[in-house]
Amino acid sequence: FWQQHEQTIARAAKTYGVDPQIIVAIIGIETFYGGYMGKYPVIDALYTLGFYYPPRATFFRGEFAKLMTLLKEEQLNKETLLGSYAGAMGYGQFIPSSYLAYAVDFDGDGKRDLLGSADDAIGSVANYFHRHGWKAGEPVALELSTTATPKAKVWKGEKLNYQVADILSPEVALMENRDLDASQKALLIELEQADAKDYWLGLNNFYVITRYNRSPLYAMAVYQFSEQLKAHHDKT
């Protein structure tokens, strides 16, 4: 996918200041590069969740309303519009509110088509990350070496309240030494392994990935996959 859309991905990365491997990782994880975008009629999915799923009815009713706007603005066919069970659509699985807010016409054909245009999807994912504060070339997460359980609280989705200096200590250090601004915002990631727990220092870019999906496991998967993609791409 990266090789096929090399120029578009490079243009999106430059335009929006987002590392290209992140764009490629997101689209790969979300839909296997457009191979599986969902099988549910989006209008049915959002209506059902909005009116027959009380725990999140308010949210999904809002998305149903956004879908009505989206259908009109982008002239999408509600009869053939398919997505996830939660109403997410296209290569990057944007819900209607995200589609309206962050989708861009990156191929210049006058439409924001996240289902049929890989170019629009690439540009839109990059724009999403740009708008949420991604900083190109900056670290995402750094593995920690621990001799004791960290005193800082493990991140559970809240805003970034810690600084790097609040997490690092003589017992909690970077696995690999590097210069790092100790005053920058950070979070503590805990990963359950077979025999122990791994700890990572998450920085601004890690937090930005969680704006796409709130799960720290998702964000770590995106980050580690993106690193593998970059290593392979740089060799070819």
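The values are calculated or read from the model by the stated rules, or taken from the named source; none is laboratory data. Keep in mind it's a predicted model, so treat the numbers as computed, not measured. Cβ: placed from backbone, ideal geometry, glycine included. Neighbour counts: every protein chain shown. Remember, those area values only see protein heavy atoms, side chains included, never the ligands or the DNA or RNA. Shrake-Rupley method; radii C 1.70, N 1.55, O 1.52, S 1.80 Å.
The peptide list 192-198, 76-82, 115-121, put in order of mean Cβ contacts within 10 Å with the highest first, becomes 115-121, 76-82, 192-198. Extension gain, residue 233-residue 58: 0.36 nm per intervening residue step, less the Cα-Cα distance, totals 58.7 nm.
The percentage of C-alpha pairs in the stretch 105-236 whose separation is greater than 26 Å is 31%. With a Förster radius of 35 Å applied to the beta-carbon distance between residue 156 and residue 131, the computed FRET efficiency rounds to 0.90. Based on the Kirkwood approach, the hydrodynamic radius assigned to the stretch 63-111 is 11.2 Å, with every pair of different Cα atoms included.
Against the empirical 2.2 N^0.38 Å (N residues), the stretch 13-58 has a Cα radius of gyration ratio of 1.69. Extension gain, residue 191-residue 165: 0.36 nm per intervening residue step, less the Cα-Cα distance, totals 7.3 nm. Summarising the label geometry, the points placed 7 Å from Cα in the beta-carbon direction at residue 47 and residue 149 lie 5.1 nm from one another. Across all directions, the average projected area of the convex hull around the alpha carbons of the stretch 173-232 is 5.2 nm². The mean accessible area for residues of the chain, using a 1.4 Å probe and ignoring ligands and nucleic acids, is 54 Å² per residue. Rounded to the nearest 10 degrees, what's the angle between the helix 57-74 long axis and the longest principal axis of the chain, both from Cα atoms, 0 to 90? Approximately 60 degrees, to the nearest ten.
The 1.4 Å probe gives accessible areas that order 175, 220, largest first, as 175, 220.
Run lengths n ≥ 4 of DSSP H only: what is the helix-derived mean residue ellipticity at 222 nm for the chain, with -39500 (n - 2.57) per run over all residues, to the nearest 500? Only helices count here, giving -14000 deg cm²/dmol.
From the Kirkwood radius over Cα pairs of the stretch 104-168, Stokes-Einstein at 10 °C and 1.306 mPa s returns a whole-number translational diffusion coefficient of 103 µm²/s. Note on the stretch 111-236: with neighbouring protein chains present and a 1.4 Å probe, carbon and sulfur make up 47 percent of its accessible heavy-atom surface.
Full extension of the segment from residue 105 to residue 224, taken as 0.36 nm per residue of separation minus the current Cα-Cα distance, would add 39.9 nm.
Between helix 216-235 and the chain there is an angle of about 90 degrees, using the helix long axis and the longest principal axis of the Cα atoms. The Stokes-Einstein estimate for the chain, based on a Kirkwood radius over Cα pairs and taken at 10 °C with 1.306 mPa s viscosity, is a diffusion coefficient of 83 µm²/s. Computed in the context of the full set of protein chains, the accessible area of the stretch 19-67 at 1.4 Å probe radius has 62% of its extent on carbon or sulfur.
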